[in-house]
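The values are calculated or read from the model by the stated rules, or taken from the named source; none is laboratory data. This is a predicted model, so every value here is computed, not measured. Because the Cβ atoms are built from the backbone with ideal geometry, glycine has one as well, and the counts that use them run over all protein chains shown.
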Amino acid sequence: MNGLNRTVDRRRLIKGASAAGVGLWSGTWFSRSTRASQTELSREYEGTTLNVLMEDLLETTLVEELLPEFEEQTGIKVQFEKVVYPVMHDKLVASLAAGEGGGIYDLLEVDFYWVYEFARAGWVEDLGERIANSNGAIDLSRYTESVLNIGSQVDGKTYYIPMYVYPMGLIYRKDLLEDQAFRDDYQAKAGKELALPTTVEEYVEQIKIIQQLRPDELYGAAMQGMQGDPIVMEFCNYLYGVGGDFYDAELTQPTINNELGVKAAELYIDAIKNAAQPGAANADLNDTGALWRQGRAFSAVSYLFLLSDGENLEESQVKGKGAVTTMPGGVGLTGSWSWGIPKSSPNPDAAWEFIKWVESPDIAMRRALGGGVAAQKAPYDNPEYTSKYPWMAQVRDLIATSKGLPGVTKQATLVEIVGRHLSDAVAGGKSAQEAMDAAAEELSDLL
Amino acid sequence: MSQDQLAGQGIPGRVSVESRPRETLQRPVRRGFIPFRIWMVLPTIVGLLAVVGFPLLYALWVSLHEYDLTEGGIGDFVRFENFSDVLGMDVFIQAAKNTVVLTVSVVLLELAIALGLALLLNQPGLRFRNIYLAILLIPLLVSPVAVGLIWRLLLHPDLGAVNWLLKTLGLPGQEWLGNRSTAMPAVIGVDVWHETSLLLVIVLAGLTALPKEPMEAAVVDGANRWQVFWTVTLPLLAPVILVAVLIRMIAAMKTYDLIYILTAGGPGGATETISFRIWKVGFTNLDMGRASAASVLLLLVILALTAILIRVMRVEEN
């Protein structure tokens, strides 16, 4: 995802949620901070310092707050180097390519579309043996299967332990959906009742009508059509929603230019031209977030934190007015971050102790209650979690019904290719069919 | 009078170089002895070789090999295959065209504006010159990333000041960065806003340093202001302009950060430059062979343009 802009928003979220969420969390859970973790940890690596490159956002802050407990239990010092997303990949690649033991980072935080690349390049450890010998400290059954598929396992081996997820879904204005006057206006224009759409076609048709109800005041959708990551992350939901995919199931050939792929592209282009805010063709998450918080968009196919920002940030005009549901068509995209141990790690065993601690049920629960989107199942069964963050009740469904990117090694390249051609089609340089054909031609080189 | 005669007659108090005994000019050189002056420049030479020479040679070497970072180290020697791949890819050709458009546009516009502003600021007796100069230099002090973020907001179709101004004047707003026809002009405009100050500083320094006598002589001979500028000032300023154009041209051909922030190369690659594409190939695709080949090609183009410009300028001078 476009981390630069995402980080700006997430930083604000940190401030907002720090006040709203972390404050509560501190009151409720920080009193337990002296409680020993249930996971047995070794002091064998006392005096070691772990260097970890982390994205500068809420989930990192949540872990950082708890680090003194880990340091007290193990004697291992943990040093987070917090950076914005765009520089992470470049820095990690430089360190990972250094060879065994020669890297800078002891532990990795890995975005879901580096998962295949790092594993197949042989840069990260297969954690299977460590998991088997962990006496249940790391138990993969604690995680949703789709999360393991997206951010943990490659070619049948477990290279990563999920950290948190960032699911996408249909975020909409619940208050408007229930507002009788708005419903009447919609019905007068559309000739049918306003209801949550069940297909992508219905959704696009609906937001096009809503766009006409209050011109310049309320847009049908806040969209992010900027070339690269923003447009592709959004488009994935349209593609998966109509039943399409980038490749066939066996990854033998691209299918993005088949009937479903072209249909998804046409719907996406139709939506961005006729149902979105001006400038949507170059907008990113920062723009859509601002628009959503101003209450000027009826909907957005976006990340969950668009909704949580709307609930938490002080200046938001849509507090208590938003809701999230699964992508029309039933399948959307979910991203995730995971922990991995690089082969270039100078301290791989100490890094494993950290993973055991940070992913222990107790710490995972406390991170979730601080506002993180849990990768483990347990928090979603905790009423405290779902009452404090009501939208989290939907997240389990979002995660369960969603999928990641296809299992090609260079997923970042896939995003770059599709983003370039789709952006061209949105800007009128190509038709949807031409754009998908051109993308398919380049995507075949990634197999 | 020959040199020898001059040396023999000599001016009192001076000793001709030729008349000095040779041994006082040159110390005896022992075999294996490295003069002190060589020792003094050696660290610089070693440093330059390490930080410029080695990376250049390494990039050249990598460009001749298959080198995908995910494949584990440098692969087969592929001769010039990476170069032919790069030159045969539509996306590179598009990026090259964009780079040429961007470079030519920004260099010409910035030079014209900087020259005009420098002439205005160089007017004798101009009051508040330093204040004007300080204001004009502000964009130069802002980092490209900040410039990109500021202008992204200013050019925002819905919330931006530019469209607000247009609408206030009764003109239609534009989707500046999201439209194929306006994205590159918008990027050029932002670059001109940011970088003109650099050329202004260089050209103004050149103007200030010009001798006044030729201009005064031209005025005495009856030349008007335009003739003085065109036939005296501009030719005298030509070497300074050459340096300024070279500096800007090289920097413009490497434009990356502004593109990254403003458009990410979009829409549909309409603003993607060679440097941006090289970064994509190197750090997104992890294909160091092709990225290095493209870098070498970019370097060759810059070197060729630099040589041509210098040659043209020398011909002009002659």
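Against the numbered list (1) at pLDDT below 85; (2) within 14 Å of chain B (Cβ to nearest Cβ); (3) surrounded by 13 or more Cβ atoms within 10 Å (Cβ to Cβ), A:G99 comes up short only at (3). Of all residues in segment B:262-289, those that are within 12 Å of another protein chain (Cβ to nearest Cβ), closer than 18 Å to B:T70 by Cβ and not aromatic (F, W, Y) total 8. Given the conditions (1) outside the structural domain of A:V395 (by TED's automatic domain parsing); (2) touching a helix residue (DSSP H, G or I) at 6+ places or on another chain (Cβ under 7 Å), report the number of the one that A:K174 does not fulfil. For A:K174, the failing item is (2).
For segment B:193-206, check the following and say yes or no: at least one residue is polar (S, T, N, Q) and surrounded by fewer than 16 Cβ atoms within 10 Å (Cβ to Cβ). Looking through segment B:193-206, none of the residues is polar (S, T, N, Q) and surrounded by fewer than 16 Cβ atoms within 10 Å (Cβ to Cβ). Among the residues of segment B:228-260, just one is within 14 Å of another protein chain (Cβ to nearest Cβ), more than 16 Å from the chain's Cα centre (by Cα) and surrounded by fewer than 21 Cβ atoms within 10 Å (Cβ to Cβ), namely B:Y260. Scanning segment B:262-273 turns up at least one residue that is at pLDDT below 90, under 19 Å from B:V147 (Cβ atoms) and more than 20 Å from the chain's Cα centre (by Cα). Is segment A:353-363 home to any residue that is within 30 Å of A:Y268 (Cβ to Cβ) and either outside the structural domain of A:A97 (by TED's automatic domain parsing) or not in a strand (DSSP E or B) (or both)? No, every residue in segment A:353-363 fails to be within 30 Å of A:Y268 (Cβ to Cβ) and either outside the structural domain of A:A97 (by TED's automatic domain parsing) or not in a strand (DSSP E or B) (or both). Against the numbered list (1) in contact (Cβ under 8 Å) with a residue 60 or more places away in the chain; (2) part of a helix (DSSP H, G or I), A:Y380 comes up short only at (1).
Just one of (1) surrounded by fewer than 19 Cβ atoms within 10 Å (Cβ to Cβ); (2) in contact (Cβ under 8 Å) with a residue 12 or more places away in the chain; (3) assigned to a helix (DSSP H, G or I) fails for B:P211. It is (3). Is there a residue being within 23 Å of the chain's Cα centre (by Cα), over 30 Å from A:Y219 (Cβ atoms) and assigned to a helix (DSSP H, G or I) anywhere in segment B:141-153? Yes; the residues of segment B:141-153 include at least one that is within 23 Å of the chain's Cα centre (by Cα), over 30 Å from A:Y219 (Cβ atoms) and assigned to a helix (DSSP H, G or I). Looking at B:L119, is it in contact (Cβ under 8 Å) with a residue 40 or more places away in the chain and either assigned to a loop (DSSP other than H, G, I, E, B) or more than 14 Å from every other protein chain (Cβ to nearest Cβ) (or both)? In short, yes. Of all residues in segment A:252-275, at least one satisfies being more than 29 Å from A:T413 (Cβ to Cβ), assigned to a helix (DSSP H, G or I) and polar (S, T, N, Q). Considering segment A:385-447, the qualifying helices (runs of 4 or more DSSP H), each wholly inside and each with 1 or more residues that are out of contact with any strand residue (DSSP E or B) (no Cβ under 9 Å at 6 or more places or on another chain) and away from chain B (no Cβ under 13 Å), run over A:392-401, A:432-443. Of the residues making up segment B:26-46, one or more are modelled with pLDDT under 90, aromatic (F, W, Y) and not in a helix (DSSP H, G or I). Of the residues in segment A:196-214, not one is within 14 Å of chain B (Cβ to nearest Cβ), of a type outside the set (S, T, Y), crowded, with 17+ Cβ neighbours inside 10 Å and on the phi > 0 side of the Ramachandran plot.
Suppose the filter is touching a helix residue (DSSP H, G or I) at 6+ places or on another chain (Cβ under 8 Å), modelled with pLDDT under 95, buried (at least 24 other Cβ atoms within 10 Å of the Cβ) and not in a loop (DSSP other than H, G, I, E, B); does A:G289 pass it? Here the answer is yes, as A:G289 does meet what is asked. Within segment B:167-190, track down each residue that is farther than 21 Å from B:G268 by Cβ and either at the interface with chain A (Cβ under 10 Å from one of its Cβ atoms) or surrounded by 15 or more Cβ atoms within 10 Å (Cβ to Cβ) (or both). The one that is farther than 21 Å from B:G268 by Cβ and either at the interface with chain A (Cβ under 10 Å from one of its Cβ atoms) or surrounded by 15 or more Cβ atoms within 10 Å (Cβ to Cβ) (or both): B:G173.
Condition check ((1) polar (S, T, N, Q); (2) within 14 Å of chain B (Cβ to nearest Cβ)) across all residues:
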| site | (1), (2) |
| --- | --- |
| A:A249 | no, no |
| A:Q253 | yes, no |
| A:E259 | no, no |
| A:Y268 | no, yes |
| A:K273 | no, yes |
| A:G289 | no, yes |
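Here A:I161, A:I171 are screened, and the one residue that is within 27 Å of A:A350 (Cβ to Cβ) and crowded, with 19+ Cβ neighbours inside 10 Å is A:I161. If you go through segment A:313-349 and keep only what is over 23 Å from A:H89 (Cα atoms), buried (at least 24 other Cβ atoms within 10 Å of the Cβ) and touching a Leu at 6+ places or on another chain (Cβ under 7 Å), you end up with A:G322, A:V324, A:M327, A:P328, A:G332.
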